[in-house]
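The values are calculated or read from the model by the stated rules, or taken from the named source; none is laboratory data. What you are looking at is a predicted structure, and each value in this text was computed from that prediction instead of being measured. Here the Cβ positions follow ideal geometry from the backbone for every residue, glycine too, while neighbour counts run over all protein chains shown.
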Amino acid sequence: MAEAHGNGSMNSSLPAICKLEGRENYCDCKFAMRMYLIHEDLWSCIEGYVEADTTLQHVRERKDQNAMAKICLMVKPAVYSHVRSANTALEAWQNLAIAFEDKGLNRRLRLLRSLCSIKLEKFATMEDYVNEVISLSQKLAAVDKPVDDEFLGAIMLQGLPDDYELMVMALESSGATISSDFVKSKLLQDDKWGAGRDKTESALFAKGRKANPKTVRCWNCGESGHIKPKCPKQILL
């Protein structure tokens, strides 16, 4: 692992974090860039120095060049045109914001539609589902439209399939305050959902069919003799 120094220099290459491609991944890359510059003690080049700071001018200039180089190296070649003419780290940072930080109405509507229509069935794991909900809410916050925390928790619940109706009812009747963290913690405790669930059922059924199909239990309705993909109750829905 590379050794970081107070002046922002490193003995090896940049960390393996996302490179800016354009508007779609700007929010994530902006966060990664900011964290990296903070880690390298270079964020003052963007945020500015406090009045009491005693860093010498030539040190500030060297750090600024270092920060600018790191920012420019954290973008894909297709984005070079937006930073090629920058003379300072702040100028490079602002050029990227002007080019890709879309806070327009269309952007907000797209994010809001994606958040309100999100469904667990589209994700391989519960963790992927929860992460996407949180990511969309953070992107909305980045365009100055933060989502109410209780509403975000409700969004997580409304995207669940009917299998989770009992869980939702239990949460509603518990009297607990619905928040995104509360719902997230409950959902991440679930170990039933996953890409391998139906595969596991099919494997168990194929193995058990040779002996006694009645010993196989459906994970959808709880009855014996079939698996979820062939559940008659699911077909009727």
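Condition test on Arg110, is it in the same structural domain as Val143 (by TED's automatic domain parsing), of a type in the set (D, E, K, R) and within 27 Å of the chain's Cα centre (by Cα)? Spelling it out, Arg110 is indeed in the same structural domain as Val143 (by TED's automatic domain parsing), of a type in the set (D, E, K, R) and within 27 Å of the chain's Cα centre (by Cα).
The single condition among (1) surrounded by fewer than 17 Cβ atoms within 10 Å (Cβ to Cβ); (2) assigned to a helix (DSSP H, G or I); (3) among the basic types (Lys, Arg); (4) at pLDDT 55 or above that Lys184 does not satisfy is (1). The lone criterion from (1) in contact with a Cys (Cβ under 8 Å, 6 or more places away or on another chain); (2) closer than 30 Å to Gly159 by Cβ; (3) not in a helix (DSSP H, G or I) left unmet by Asp28 is number (3).
Of all residues in segment 124-146, which are touching a helix residue (DSSP H, G or I) at 6+ places or on another chain (Cβ under 6 Å) and farther than 17 Å from Leu105 by Cβ?
Met126, Tyr129, Val130, Val133, Ser137
Among the residues of segment 83-132, those identified as over 18 Å from Lys30 (Cβ atoms) and touching a Leu at 6+ places or on another chain (Cβ under 6 Å) are Ser114, Leu115, Leu120, Met126, Tyr129, Val130.
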